[in-house]
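So the structure is just underneath, and the comments pick up after that.
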Amino acid sequence: DLWEWDGVAWTQRTGTAGALPSRRQSIAAHDLGLGRTLLFGGEVDVDAWLLGPVSTAAVVEYGSGCPGTFGLPELRVVGQPFVGNAWFGVRLSALVPGASALLGVSTLQGNLPLPGGCTALVDQPFWLPGVADARGVIDLALPIPNLASLRGVSAFAQAVAADPNGALANVLAFSAGLRVTLD
């Protein structure tokens, strides 16, 4: 049998019968950030298995940003977007070192044309501030609460950064949008 603990209760994992042979004296290590367990070795079978949740989580880039000094600001997720992932976050890069930036997060996707060929891709966002380090990077933590009601919810995100060569009036540069669907 294979059982999974979700922080509240144990659930038997189905669909694994016969796939994972029984073993003794194996070693396992769990990666909390990815929500996966690596199982390897053993007395009978010397192999490796990566066990993790069957995920419907998705991260999809949409729309287009508008460039700044180092091209388009890049917005990427760090970790997997699953309910209860305390280590989930985003990384903004390709920014001017020391630049102020805002990450807009909303449950509403936007499509508002702005001057300079820019588009606001989130509607009614909650804004999270940050300042780029010497490499032009900002890491923002966005821990996901362990609430089952969040499964299947989509959030939309876009970053805007101060940039003296930004497409919007030589002041701002925008990333493309990210749609993040939680599992």
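Take every Cα pair under 8 Å in the range 103-180 that's 6+ residues apart, average their separations, divide by the length, and report that relative contact order as a whole percent. Across the range 103-180, relative contact order equals 34 percent. Cut-off 10 angstrom, C-alpha nodes, Gaussian network model of the chain. Which of P73, P145, P115 fluctuates the most? Taking springs between Cα atoms under 10 Å, the residue moving most is P115.
With protein chains left intact and a 1.4 Å probe, residues in the range 106-183 average 52 Å² of accessible area per residue.
Per-residue extension of 0.36 nm, minus the Cα-Cα distance of R151 and T37, leaves a gain of 38.9 nm for this segment. Taking label positions 7 Å along the Cα-Cβ direction at both V77 and V59, the computed distance is 0.6 nm, reported to one decimal. Between V137 and D47, take the C-beta separation as r, use R0 = 22 Å, and let me know the FRET efficiency to the nearest 0.05. The pair V137/D47 has a calculated efficiency of 0.05.
Note down the relative contact order for the chain as a percent, whole number, built from C-alpha pairs under 8 angstrom at least six residues apart. Worked out over the chain, it gives 24 percent. Largest mean-square fluctuation among A94, A58, A28, in a Gaussian network model of the chain whose springs join Cα atoms under 10 Å apart, belongs to A28. Just the protein heavy atoms count here, and of the accessible area of the chain at 1.4 Å, carbon and sulfur take up 60 percent. Of D163, D47, D123, the residue with the greatest mean-square motion in the GNM of the chain, using alpha carbon springs below 10 Å, is D47.
The values are calculated or read from the model by the stated rules, or taken from the named source; none is laboratory data. From a predicted model like this one, the values you see are computed outputs, not experimental measurements. Note that each Cβ is placed from the backbone with ideal geometry, even for glycine, and that neighbours are counted across all protein chains shown. Ligands, DNA and RNA are excluded from the accessible area calculation, which covers all protein heavy atoms including side chains. Shrake-Rupley method; radii C 1.70, N 1.55, O 1.52, S 1.80 Å.
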